[in-house]
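First the structure, in the form of structure tokens, and then the observations on it.
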Amino acid sequence: MVREVTTDGNGKATGVSYINKEDRKEYQLKGKTVILAASACSSARILLNSKSSQHPNGLGNSSDMTGKYLHDSTGSSRAFFVPDLMNRKTYNEDGVGGMHVYSPWWLDNKNLDFPRGYHIEVWGGLGMPSYGIGFGAAEMNKYIGETVGGYGDKLREDVKKFYGSMIGVSGRGECIAREDNYCEIDPTTVDEWGIPVLRFNYTWSDHERKQARHMHNTFEEIMHNVGGIALGDKPGADQDYGLLNPGRIIHEVGTTRMGDDPKKSVVNKFQQMHDVDNVSEAIESSPKYYGRTTEEMYLDDALLEEKFLTVHELETLVVLCDLILPANDQFGSAVDAGVPEFIEFISKDIPKHQLPLRGGIMWLDNRANKRFNKVFKSCNAIEHKQLADEIAYPDKAAPELSQGVEFFTLVRDLTLTGYYTTKMGVDDLGYKGNQPNVWDGVPDDVLKEHGLSYDEEWLAKCVDQSTRNETAQWDDDGNLIT
Ligand SMILES: Cc1cc2nc3c(=O)[nH]c(=O)nc-3n(C[C@H](O)[C@H](O)[C@H](O)COP(=O)(O)OP(=O)(O)OC[C@H]3O[C@@H](n4cnc5c(N)ncnc54)[C@H](O)[C@@H]3O)c2cc1C
């Protein structure tokens, strides 16, 4: 962990001083040139922490510009439900998510009341089940006039009915870089390595607010044109039109301003510091690691070692989960899929679930005791059904049972996530995505259902299915020859 760039008596960089995370001791590394590539904020932090008699304001900061003009992309989102996409046939389609489908900028900027622009990232589709799948599936029924809530076979049908029928749109735009948006060293706080941390001063201006307002008007236009129904309310001025807090879009840039004038910028056009020519910035390279990290794997092991639920609580969840998703003639039950063990794990991974789960189980036992003079797990099937019916349908439940409704909804959500993220659940849902080299496009019958078809001319130009398993080859001039 680098603390600072070290310098000689002339103010030239000589290397870095860093803390070894293994032995927690400080060491020096020497070098002719120092290239900082610690990301926008951390690079600024290292520079600002590198104070010396030649650089009293931080390394290369005679302009007082380091940390300033910090900006992040703007971000605001909306989601909608598209009834036409209910009951989708599943096929080799993995949804759109992190990969983003960008909608191009189609507007005339002269007519806008804000500078620059934004793109829209579209997400949705028949994506791979993950944490959160099925959350709220039973609530979607309100949009089609059916009873909200429920459990059992009907719940299983609901999950499939609504799978792939939600579309989300996220606007990501350019924010105007301003000098008064900046990070600086916090004079009172250090991290665990004893290195002073940054603090941030950042506000959105009307440029970004108007941009976000425009995003939401555009989202609604898209929604209207695809026959969608809005989920949630359109954020207004009182919520900055849904603009997420600065830093949430994790695209921070701008702390070591580039320019020709050393009084107004930190680095020149070659990313060398004006004041110290053997220090360069290399901000904004590509991420290198994907997938699970060693730390995550250690965390999983540690969580599996701990126990949160008592034997009684687990036994209660076994009964409840099987009531929520019993086996049918094709697939096993929630308990067969290991859902109680999943809830045990997730309550440690996401501790906010602990109190509602523990308190909810007590509430349920208390209710069962009042009605049948025994705890929930000891009731018979008819009594279980009577107790579940009281709290499984939020719109019909008695107001004094609202805590029970909350608890049942939580366990239903976790049961669906636990079940549909197992192999059994994935098979049940019919998820087919992620099959490489077998993409033949949207099946004809699905296209016909929506009155669509592929354009033969473009198919011939873009997709030659007969060569899809061949590795592409290029000639020496970079021309594609296969
Ligand atoms: C979850 C997420 C999703 C993103 N999605 C997208 C996307 O879809 N498209 C897109 O264009 N961009 C995306 N971004 C942004 C993109 O990842 C960053 O803009 C880019 O990685 C920045 O590159 P960088 O080399 O400047 O910094 P980083 O990639 O952050 O690399 C900085 C490195 O320096 C190390 N470091 C920091 N401080 C110190 C120190 N004091 N001592 C030693 N080492 C240090 C860090 O550990 C890190 O390894 C995403 C970012 C995140 C976090």
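Observations
- Counting neighbouring Cβ atoms within 10 Å and putting the fewest first, the residues 336, 158, 233 line up as 233, 336, 158.
- Against the empirical curve 2.2 N^0.38 Å, the C-alpha radius of gyration of the range 182-229 lands at a ratio of 2.10.
- Rounded to 10°, Cα long-axis angle of helix 153-162 versus longest principal axis of the chain: 40 degrees
- Modelled FRET efficiency - R0 45 Å, residue 473 with residue 423, Cβ distances, 0.05 increments: 0.75
- Estimated FRET transfer efficiency when R0 is 56 angstrom, pair residue 403-residue 32 (beta carbons, to 0.05): 0.25
- Angle in degrees between helix 339-349 and the longest Cα principal axis of the chain, rounded to the nearest 10: 30 degrees
- Checked against a 31 Å cut-off, the cross-linked pairs 161/374; 32/68; 385/448; 377/423 give Cα-Cα distances beyond that limit for 161/374; 385/448.
- Nitroxide proxy distance, nm - points 7 Å out along Cα→Cβ at residue 350 and residue 10: 5.8 nm
- Degrees between helix 206-225 axis and first principal axis of the chain (Cα, 0 to 90, nearest 10): 40 degrees
- Its Kirkwood hydrodynamic radius, worked out from the mean inverse distance over all distinct Cα pairs, puts the chain at 27.2 Å.
- Shown here are the Rg and Dmax of the Cα trace of the range 294-429, at 15.3, 50 Å.
- Ratio Rg/Rh, restricted to the range 235-278 and using Cα atoms, in which Rh is the Kirkwood radius: 1.29
- Between residue 193 and residue 300, residue separation times 0.36 nm minus the direct Cα-Cα distance comes to 36.0 nm.
- Ranked list, fewest to most other Cβ atoms within 10 Å of each Cβ, for 273, 362, 297: 297, 362, 273
- FRET efficiency for residue 128 and residue 53, using Cβ-Cβ distance with R0 set to 41 Å, rounded to 0.05: 0.10
- Relative packing of 91-97, 192-198, which averages over residues the other C-beta atoms within 10 Å, highest first: 91-97, 192-198
- Cα-based shape type of the range 109-236, given that a ≥ b ≥ c are square roots of the gyration tensor eigenvalues and the cut on a/c is 1.5: oblate
- If you wrap the tightest convex hull around every Cα atom of the range 7-52 and split its volume per residue, you get 91 Å³.
- Cα centroid of the range 306-332 to Cα centroid of the range 377-396, whole Å: 15 Å
- Cα gyration tensor shape of the range 390-442, rounded if a/c is under 1.5, else prolate or oblate by comparing a/b with b/c: prolate
- Straight-distance candidates among the aspartates and glutamates for linking to residue 461, with alpha-carbon spacing under 18 Å and chain neighbours fewer than 8 residues away dropped: 440, 470.
- Ranked by how many other beta carbons lie within 10 Å on average, peptides 209-219, 415-425 from highest: 415-425, 209-219
Only the coordinates and a few stated rules stand behind these numbers; no lab work does. Since the structure is predicted, the reported quantities are computational estimates derived from the model, not experimental observations. When we count neighbours, we look across all protein chains shown, and the Cβ atoms used for this are built from the backbone with ideal geometry, even at glycine.
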